[in-house]
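Input: a single structure, listed below in C-alpha cells.
The values are calculated or read from the model by the stated rules, or taken from the named source; none is laboratory data. These figures come from a predicted structure and were not determined experimentally. With ideal geometry, Cβ positions are generated from the backbone for all residues, glycine too; neighbour counts draw on all protein chains shown. SASA here: full protein model, heavy atoms, side chains in, ligands and nucleic acids out. Shrake-Rupley method; radii C 1.70, N 1.55, O 1.52, S 1.80 Å.
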Amino acid sequence: MPKKLPPSRRNTDGSPEGIELSERLARLKSRLDDPETVKLQQVEDPDSPENVHNRAGLAQAFRLSSEFIAGVVVGAGIGYGIDTFFGTSPWGLIIFLLLGFGAAVLNVLRAAGMVAESEMRLKSVQELSNRQQDEETRGRDEK
C-alpha cells in the first residue's frame with residue numbers, strides 16, 4: 001500500500017513544497033531531454049551500432065588473449081614433459097617456455113593482421129587455386 005504523505009506535502013498548488021516539487025520535476029524533465037542522457041539511453045540498446053562494434057572488439061580481445069595464453073601454456077607443458085622424461089630440469093622448461101612465448105606473440109600478431117602468413121603457405125595456396133581454375137576451364141572446354 002502506498003505511503004501517505006502528510007497534508008503539507010500533498011499540496012502541489014502554490015504551497016512552498018508544491019513549488020519545490022514542480023521545480024524538481026522540471027529539472028528532471030530537462031535533464032531527460034538533454035542530448036547526453038539520450039546518448040546514454042542509446043548506448044544501453046544492445047542492437048545499437050556502438051554496442052555491436054564494442055562487442056566485436058571485446059571478442060577479438062578475448063581471442064588474442066587466449067591465443068597468447070595457449071601458446072605460453074603449451075610451450076611450458078612441452079618443456080616440463082621433456083624435463084621429466086629426460087631429466088634435464090630446468091632447461092627444457094626454460095627453452096620451451098621461451099619458444100612458446102615467441103610462438104604466442106607470432107600467433108597474436110598473425111591473428112591481429114600485423115604479420116602476413118609465410119610466403120611458402122601463400123604460394124602453395126595460390127598454386128592450388130590456380131590448378132583448380134585450370135581444371136575447371138579444361139572441363140568447360142571439353143564440353
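If the condition is being more than 23 Å from Q60 (Cβ to Cβ), out of contact with any Leu (no Cβ under 9 Å at 6 or more places or on another chain) and in contact (Cβ under 8 Å) with a residue 24 or more places away in the chain, then region 71-122 contributes L97, L99. Residues in region 21-60 that are open to solvent by less than 100 Å² (accessible area, probe 1.4 Å) and of a type in the set (D, E) were compared, and the one that is modelled with the highest pLDDT is E23.
Scanning region 97-142 for residues that are modelled with pLDDT under 85, open to solvent by 60 Å² or more (accessible area, probe 1.4 Å) and either touching a His at 6+ places or on another chain (Cβ under 9 Å) or of a type in the set (A, V, I, L, M) (or both) yields M114, A116, M120, L122, V125, L128. Among the residues of region 61-73, those identified as surrounded by fewer than 13 Cβ atoms within 10 Å (Cβ to Cβ) and either under 9 Å from the mean Cα position of the chain (by Cα) or of a type outside the set (S, T, Y) (or both) are A61, F62, I69.
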